[in-house]
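Visitor: Sharing a structure with you now.
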Amino acid sequence: MLAARMNKLTPYVPGEQPRDRRYLKLNTNENPYPPSPRIKAFLEGFDTAALRLYSDPLATDLRTRIAERYEVTADRVFVSNGSDEALSFCFYAFFDSGRGPLLFPELTYSFYPVYCDFYQIDYERVPLDESFGVDLEAFLERPSCGLIFANPNAPTGHGLPLNRIRRLLERYPADRAVILDEAYVDFGGESALVLVQDFPNLVVVRTFSKSMSLAGLRLGFVIAQEPLIKALFTVKDSFNSYPTDMLSQKIGEIAVADEAYYERITRRIVETRDRFSAGAEALGWRILPSKANFVLASLPGTSGETVYRRLKERGVLVRYFDTEGIRGFVRITVGRPEEMDRLLEEMREAF
């Protein structure tokens, strides 16, 4: 009954969402603060009769708002049902194994190999450097049909400076796409959006889920030069003409406009991350430097799985990856200050 290609798929596994008890949930990189209060006011006054109409298939108003915020033209913006959908469309539109494998870091967002399997794209994982950083030189030493990596990277939190991204683009073939997944860039990374004007093969993917506190909404966007955006619209309209609904588009407009609110809560998260990191290191933990809203942490002499299970027994959820190279670590989402204080206390008592 099933198509033979189903046997080749291994789906992405999201962070667990258990219901057996109430947990301090620090395992899925959700923002601990609510979205802009303007969104609540909008929803309270929304005329539900409008839902009988289809949403704008071009998301014109939202794309215009994003373009104004990031100082590009609207024809360089594509909007999607979450950045995962944007990434999926990018894989289909830009990567062709006939010119070599797709390259991405050995440790990175675990959806990338899933997309490759889904679209039957050959790929190669490139080892990180000795400090868990993305090795850009290694990308240039291998034949490839394109590159994709997250900056800051997940799950390490390591961020590459803009000058290194520019040098990579200057040396990489201009006829092959380079996708930068900037899901976490607002927490201390350097965005490559300013490079889109100079590099026609650069594709920057962003999300509303992290710094804009809208993980439950499913909204993302892409900024690239016009021919690449047109290609994404072709893929979208060959799959689903209406991927973003009316409410998502309107809420996205409000979120993009409330820049001051989001800068304020992002600054709090960064301060909390740095304070927690210092506190954990004082307890003997190793915390990798992070430019994201999470940290990768290990306790020397204790496996990552043991840390995960012991904290879960105490009502705290963190993320453990049974992956070569980071089995000694857990990934910890940065919550509110009082939540991270509780975690520090649990770490002190449990280990």
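Visitor: Please give the contour-minus-distance gain from residue 349 to residue 257: 0.36 nm per residue of separation, less the Cα-Cα distance, rounded to one decimal in nm.
Guide: 28.7 nm
Visitor: Then there's this: Based on DSSP, what percent of beta bridges with both residues in the chain are antiparallel, to the nearest 5?
Guide: Within the chain, antiparallel bridges account for around 50 percent of the total.
Visitor: Between residue 233 and residue 130, what length in nm is gained on full extension when 0.36 nm per residue of separation is reduced by their alpha carbon distance?
Guide: The span from residue 233 to residue 130 would gain 33.1 nm if fully extended.
Visitor: A follow-up question, please. Give me the dipole magnitude in Debye, nearest 20, for the range 37-258 about the Cα centre, with unit charges on the beta carbon: positive for Lys and Arg, negative for Asp and Glu.
Guide: Its charge dipole is roughly 340 debye.
Visitor: Same structure, new question: Can you tell me which of 202-208, 233-239, 275-281 comes out highest on packing, and rank the rest after it, using the mean Cβ neighbours within 10 Å?
Guide: 202-208, 275-281, 233-239
Visitor: Go through 121, 196, 298 and say which Cα lies farthest out towards the positive end of the charge dipole of the chain; charges sit on Cβ, +1 for Lys and Arg, -1 for Asp and Glu.
Guide: So the residue furthest toward the plus end is 298.
Visitor: Take peptides 76-83, 109-116 and line them up by average Cβ neighbours within 10 Å, highest first, as a rough protection proxy.
Guide: Order by mean packing, descending: 76-83, 109-116.
Visitor: Using the charge dipole of the chain (Lys, Arg: +1 at Cβ; Asp, Glu: -1 at Cβ; taken about the Cα centre), state which of 229, 143, 86 has its Cα farthest towards the positive end.
Guide: 86
Visitor: Reachable aspartates and glutamates from residue 40, Cα under 14 Å, same-chain residues fewer than 8 places away excluded?
Guide: 253, 258
Visitor: Separate question: So what does log10 I(q)/I(0) come out to for the range 82-170 at q = 0.12, 0.20, 0.21, 0.25 Å⁻¹, using the Debye formula with one equal point on every Cα and no solvent?
Guide: For the range 82-170, the Cα-only Debye profile gives -0.34, -0.99, -1.08, -1.42.
Visitor: Normalise the Debye intensity by I(0) for the range 72-114, one equal point scatterer per Cα, no solvent, then take log10 at q = 0.20, 0.22 Å⁻¹ and round to two decimals.
Guide: With one equal scatterer per Cα and no solvent, log10 I(q)/I(0) is -0.80, -0.90.
Visitor: Students often check this: by mean Cβ neighbours within 10 Å, which of 210-217, 52-59 ranks highest, and how do the rest follow?
Guide: Ranked from most to least packed, the peptides come out as 210-217, 52-59.
Visitor: Do me a favour and compute the ellipsoid semi-axes for the range 1-64 from its Cα gyration tensor, root of five times each eigenvalue, largest one first, whole Å.
Guide: Rounded to whole Å, the semi-axes are 33, 26, 14.
Visitor: Using only the alpha-carbon atoms of the range 1-107 as identical scatterers, what base-10 log of I(q)/I(0) does the Debye formula give at q = 0.13, 0.19, 0.22 Å⁻¹?
Guide: -0.99, -1.31, -1.32
Visitor: Compute from the Cα atoms of the range 37-258 the Rg and the Dmax, the latter being the longest Cα-Cα distance, and quote both in angstrom.
Guide: My reading of the Cα-based Rg and Dmax gives 17.5, 57 Å.
Visitor: Could you name the lysines in cross-link range of residue 236, using Cα to Cα under 23 Å and dropping any fewer than eight places away on the same chain?
Guide: Within the straight-line cut-off, residue 236 pairs with 250.
Visitor: Given the DSSP H assignment, sum -39500 (n - 2.57) over each helix run of at least 4 residues in the chain and divide by its residue total; what's the result at 222 nm in deg cm²/dmol, nearest 500?
Guide: Counting only the DSSP helices, I get -11000 deg cm²/dmol.
Visitor: Return a whole-number percent for the relative contact order of the range 14-102, with Cα pairs under 8 Å and 6 or more residues apart as the contact set.
Guide: 12
Every number in this text was worked out from the coordinates using simple rules, so none of it is lab data. This is a predicted model, so every value here is computed, not measured. No Cβ is skipped: glycine too gets one built from the backbone with ideal geometry, and neighbour counts run over all protein chains shown.
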